Amino acid sequence: MQLTESKRKYILLGIVAFIIVGFITAKVLASKQDEDFLMDDVLYQQASQLYNDGKYSDAENLINELILRQPNSEVVNYMGAVTSANLGDYTKSTILFQKALDLNPHKVEDPMFMIQFGEVLISAERYEDAKIVLEKCREWGWAPQEYPTYQEHVTELLTQIENMQ
């Protein structure tokens, strides 16, 4: 089969048109994605500022919106967990801590995350789970530089659990 010169031109024009349409579509989709990212970033910054100012209820409202927008964000779930804990909603906090851990299993190696998770589990009266988390903290045998009494606090929490059971 021989392609005539006009057929070659149409094939080339079709390929060029396909590429141009692809670039336009990518540009439009990327622009929408940029807007979504900027909106999420603004919400996160506002929530973080409200949290740092101690306005936990206001921060929680923004975090809840972010969780709806970014349900698979480890950072958003973690911030939601600590915000809920500060508001005394320990059940929600444990769920969000667990979700953050599920999204990033390496958080199990973060001593501050783990001790916070253990404290929230105790407050939620989930003593067996708290004991598992705190035993993991004890296994490290060291304290983060920013928290020199870390191991002592872990021991206190484990003693507290034993006294409650």
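Results, tabulated for the structure shown:
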item	result
Unique residue being closer than 19 Å to Ile63 by Cβ and not aromatic (Phe, Trp, Tyr) when the list is Ala100, Ala143	Ala100
Some residue of segment 38-47 being farther than 14 Å from Glu65 by Cα and at pLDDT below 90	yes
Filter result for the condition that a residue is within 22 Å of Ala100 (Cα to Cα), part of a helix (DSSP H, G or I) and open to solvent by less than 60 Å² (accessible area, probe 1.4 Å), over Leu50, Leu68	Leu50
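The values are calculated or read from the model by the stated rules, or taken from the named source; none is laboratory data. For clarity, every value in this text was computed on a predicted model and none was experimentally measured. Here the Cβ is made from the backbone with ideal geometry for all residues, glycine too, and neighbour counts use every protein chain on show. For accessibility, only protein heavy atoms count, side chains too; no ligands or nucleic acids. Shrake-Rupley method; radii C 1.70, N 1.55, O 1.52, S 1.80 Å.
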